[in-house]
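See structure below.
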Amino acid sequence: MSSDLQYVKGIGPVRAALLRQAGIETVRDLLLYFPYDYLDRSRIIPIGELPRHVEAGNEVTVIGTVFRAETKYTRNRKKIFFLTVNDATGYLSCVWYGGVEWFQKAFEPGEVLALSAVPELDRYHRVQFIHPEFDRLRTKDAEDDTDWSSLLHTGAIIPKYSSTEALRNGGLDNRGFRRILRNAVDHHLGALGEHLPREILQRNTLLDLTAAVRMVHFPRSYAERDHAVRRLKFDELFYFQLLLAFRRRELKGELRGIPFRPPGELSERLLGSLPFELTGAQRRVIGEVRGDMTRPVPMNRLLQGDVGSGKTVVALAAMLHAAENGHQCALMAPTEILAEQHWRSLTALLEGLPVTVRLLVGGQKRKLRGDVLEDLRRGSANIVVGTHAVIQDGVDFARLGLVVIDEQHRFGVAQRSVLREKGKNNPHVLVMTATPIPRTLALTVYGDLDVSVIDEMPRDRRPVKTALRTEKEAAKVFDFVAAEVRNGRQAYIVYPLIEESDKVDLKAATAEYERLQRSVFPDRRLGLLHGRLPSEDKEALMRRFKAREIDILVATTVIEVGIDVPNATIMVIEEAQRFGLSQLHQLRGRVGRGAEQSYCVLMTDSKYAARVLQNATDRAEARRTVEATQTRLRTMVETTDGFRIAEVDLEVRGAGEFFGTRQSGMPGFRLANIVTDTDILAAAREEAFALVERDPHLARSENRNVRREFEAVFRDLLSFVRVG
Ligand code: ADP
Ligand code: MG
């Protein structure tokens, strides 16, 4: 059904060739070339009303006729392009600071444009648009005589299509696309075959494909458009989940795991002797993990829980369960400090139980390392805690039965699979993360893992109080720190050292540490912790801080993850504007870990925004940067909910960056937004997994079209998704 593009009215051989170059090869491709946006009728306002919208700072759209286009010069001979448009209610001037030559040729008096921007006031307090987005609605002497000014009343919704220079030159600008799509939708919808089985459509109240495509291009109402988009998003997510379902089936079918006996006396003794009562969520998750480990297929589970929610004890329960079954465990942490901390607290918790815990990190003495390796090989060590050193060559296990990976976002996917290969019999794998991945993302990225969530904090916790302060108020902030320290509390002061190799930042942090010790806190014990220190020094510092021999720990982001010192109640973050949102959240998670009220102070440079804007070549970009920073800081003050924070982070940064595009395996969806389309994703996932369960080879006649579509989509997805 890939009928030739030239059958569509308005497409001749030249345009067909241009479209083909742009990847639109068939009528079907054209029909699936969706609008990127619509002219939003609710935001179209008469020019005369613009002054009333300056205050609100929202983007608005006007429809106006080009009245005058002119290039002017600034005092220092820089070119500026001015465009004046009008409607029945007034005149509006629009300004461009770049691309002046192009703009000067681009507009003709008499043509009709839709222009969108946030209205601003110029020097004379007149409303203007700076760099508005524009959309040509009608050329000067176009044959089409739609009365655009009546748009406000007719309720038409106008689709917008993205285009390229080459396409525009061939007459396929926004308007050109609208015209050929009108023809394609009116006469060639038959080129689309339905691929989803009727029952899936019915169960999920989805439009059929042809109706959805018609409505996404030319909706009669926003409700129609939404309905159409829902169906099309479902398609994208469904086929992606189908891929994951196949992948998981493969994993489960091929791999034979180690079915453990149910947990016994040892586990119960430990859980009974904890210094606190488990939360309901911890109990539920321990149950889920135990369920997995008693099955003959390897556990493959992601445990999510906000900082301080108590994931370690879940890992401990799992490790004891393995030990009781005569198997060894490896617990991997992303840093040596954290590995050492885990080792220490496990050793303390397991005191008196017949379980041996060993530490394996980079800088250990040869003799010690040799002993640890020997214990692992012989099977006399039950648990080994370490960093990536645990997966290096030369580490052999007698009977590895469980691998726990703490703070997964720090580990590459590759490391995860190497570790898996270590266990000859496919050990159970539990991946823990405190980066609260929004559930939608977890389903998408880790779609082949089962997910458990600890969504409840220990009862004794009080939310950390967070405040935003400028450098000018530093003295007051440090007074507050001093007062808390007098009351027996401890504090962190963090300096940005985003890359451990950044010498300038390291120097700044060191200098500040010296200044603080000398002239701000002369009678307090300060320590300086950064990633460049030898590991023994780091460990010694952490030990002393934990033992309260240090009052204030000046640190870089090495303390970001996992560190647990409940007596520390103040976190001061210098130059907070330089940190990402989830990083700030992690840092704040170092306090508020006990019953005392804790505080987090975000320090910023009051001139930050002005500086960014001043140095910017691209003003709009700079404004976005400043806005994103403000959103990050405001979010930190407003909420301590890690999931909410992760969602904002995702919105601000986009999914690719959230995970680092490289290892994320993020598919590029055209319509679906995995942050906001949670319910569609859940429905698509359920249907896809159920379908693979019912008909593993998609061999039944009613599923044949699913198979064909899957293969077509899969070709495209291959570049995004790691398969097998
Ligand atoms: P995270 O999930 O960030 O790894 P941890 O496992 O380090 O959190 O736990 C944070 C702190 O809370 C630890 O000091 C731990 O002993 C304590 N803790 C864990 N579970 C509970 C609970 N149910 N009640 C009170 N304190 C708890
Ligand atoms: Mg932890």
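Bear in mind that the values in this text are calculations on the coordinates, not laboratory data. Because the structure is a prediction, the values reported are computed rather than measured. All Cβ positions, glycine included, derive from the backbone under ideal geometry; neighbour counts span all protein chains shown.
If we count every other residue with Cβ under 14 angstrom of ALA184's Cβ, Lys/Arg +1 and Asp/Glu -1, where does the sum land? Around ALA184, the surrounding residues sum to +3. Applying 1/(1 + (r/R0)^6) with R0 = 56 Å to the Cβ-Cβ distance of GLN21 and TYR124 gives a FRET efficiency near 0.75. Annotation for the stretch 212-241: trypsin sites (Lys or Arg not before Pro) lying in DSSP loop with at most 15 further Cβ atoms inside 10 Å of their Cβ are ARG220.
Extending 7 Å from Cα along the Cβ direction at ILE80 and again at GLU55 yields two label points whose distance is 2.7 nm. Computed from backbone phi, the HN-Hα couplings of the stretch 49-65 come to 8, 3, x, 6, 9, 5, 4, 5, x, 9, 6, 10, 10, 10, 10, x, 9 Hz, rounded to whole numbers (Karplus: 6.51 cos²θ - 1.76 cosθ + 1.60, θ = phi - 60°; Gly and Pro given as x).
Backbone geometry of the stretch 228-238 corresponds, through the Karplus equation with coefficients 6.51, -1.76 and 1.60 at θ = phi - 60°, to 3J(HN,Hα) couplings of 5, 4, 4, 4, 6, 5, 4, 4, 4, 6, 4 Hz, x marking Gly and Pro. Applying both filters, DSSP loop and at most 14 other Cβ atoms within 10 Å, to the trypsin sites (Lys or Arg not before Pro) of the stretch 17-125 gives ARG75, ARG77, LYS78, ARG123. The lysine pair tally for the stretch 465-639, using Cα distances under 25 Å and a gap of 8 or more places or different chains, is 12. Annotation for the stretch 168-235: GluC sites (Glu not before Pro) lying in DSSP loop with at most 16 further Cβ atoms inside 10 Å of their Cβ are GLU194.
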